[in-house]
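Participant: The following block contains the structure, expressed as structure tokens.
Values quoted throughout were computed directly from the atomic coordinates according to the rules given, and no laboratory measurement underlies them. Only a predicted model underlies this, so the values are computations on that prediction, with no experimental measurement involved. Using ideal geometry, Cβ is built from the backbone for each residue, glycine included, and neighbour counts are taken over all protein chains shown.
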């Protein structure tokens, strides 16, 4: 089968590189190759300027502050940084984490690891179309819950969760809310301040 006869249907896994992205990045593949942490010369300066511009653009797109944007190697690292970073540095009297039963496998793997470290991990059930059970979440949220992690848009069945309603419940109990939003940028507008999202994971190759 030739490429002309193939139909690619796995966009939820990754997308082809946009020609606009390639054009924007091409100078940094060739001439503007400096290490952005090299502050002693102009090659480092121009690379650092590009990164800081990108940081500002991303922050603007989700209504965050540029200082809140952290670049990682991808969504899996971002999810692990959020989950493990919060849980393993926790010095509060909170020992419970809520995750939905249909999270990406990297979230569920991180949750299993934390469970082995003695953290009480509760899986939130979903209905037949993949929506989380809000009543279950409300019942589970108390002063022992440290964090809740729920994927915004599911990467396999496309379910869009009621994030704004969930974050209201979390705020009432002082619970940190994280969302894997790798599938969200082309689906809905994200406003982390309006939605009261504490931690958000994004992935460029899904856009």
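Participant: Based solely on its DSSP helices, what 222 nm [θ] is calculated for the chain when runs of n ≥ 4 H residues each add -39,500 (n - 2.57) and the sum is averaged over all residues, nearest 500 deg cm²/dmol?
Facilitator: The helix contribution divided over the chain gives -11500 deg cm²/dmol.
Participant: Could you work out how far apart the two model spin labels at residue 173 and residue 189 are, taking each label as a point 7 Å from the Cα in the direction of the beta carbon, and quote it in nm?
Facilitator: Here the modelled spin labels are 3.1 nm apart.
Participant: May I ask you to order 134-143, 181-190 by the average number of other C-beta atoms within 10 Å around their residues, highest value first?
Facilitator: Result, highest mean Cβ count within 10 Å first: 181-190, 134-143.
Participant: On a 0 to 90° scale, report how tilted helix 42-62 is relative to the longest principal axis of the chain, with both axes built from alpha carbons and the result rounded to the nearest 10.
Facilitator: 40 degrees
Participant: Here is a follow-up. In square nanometres, what is one fourth of the surface area of the convex hull spanned by the alpha carbons of the range 33-95?
Facilitator: 6.1 nm²
Participant: Per 0.36 nm of contour for each residue apart, how much would the distance between residue 204 and residue 84 grow if the chain were fully extended, relative to their Cα-Cα spacing?
Facilitator: 41.0 nm
Participant: Suppose we take every Cα in the range 59-104 and form the convex hull; what volume per residue is that in Å³?
Facilitator: Per residue, the Cα convex hull of the range 59-104 comes to 126 Å³.
Participant: Expressed as a whole number of Å, what is the distance separating the alpha-carbon centroids of the range 52-95 and the range 2-38?
Facilitator: Centre-to-centre (Cα) distance: 23 Å.
Participant: Please quote Rg/Rh for the range 75-206 to two decimal places, taking the Kirkwood radius as Rh and restricting both calculations to Cα atoms.
Facilitator: 0.92
Participant: Right, something else. Taking the simple approach of a point 7 Å from Cα along Cα-to-Cβ for both residue 160 and residue 116, what is their distance in nm?
Facilitator: Going by the 7 Å Cα→Cβ label model, 3.8 nm.
Participant: Please give the FRET efficiency for residue 131 paired with residue 42, using the beta carbon to beta carbon distance and R0 = 41 Å, rounded to the nearest 0.05.
Facilitator: 0.20
Participant: Using a Gaussian network model of the chain whose springs link C-alpha atoms within less than 10 Å, name the residue from 11, 113, 22 with the highest mean-square fluctuation.
Facilitator: Per the Cα network of the chain with a 10 Å cutoff, 22 tops the list.
Participant: Same structure again: Can I get the semi-axes of the range 19-68's equivalent ellipsoid? Compute them from the C-alpha gyration tensor as square roots of 5 times the eigenvalues, in angstrom, largest first.
Facilitator: After diagonalising the Cα gyration tensor, the semi-axes are 21, 16, 5 Å.
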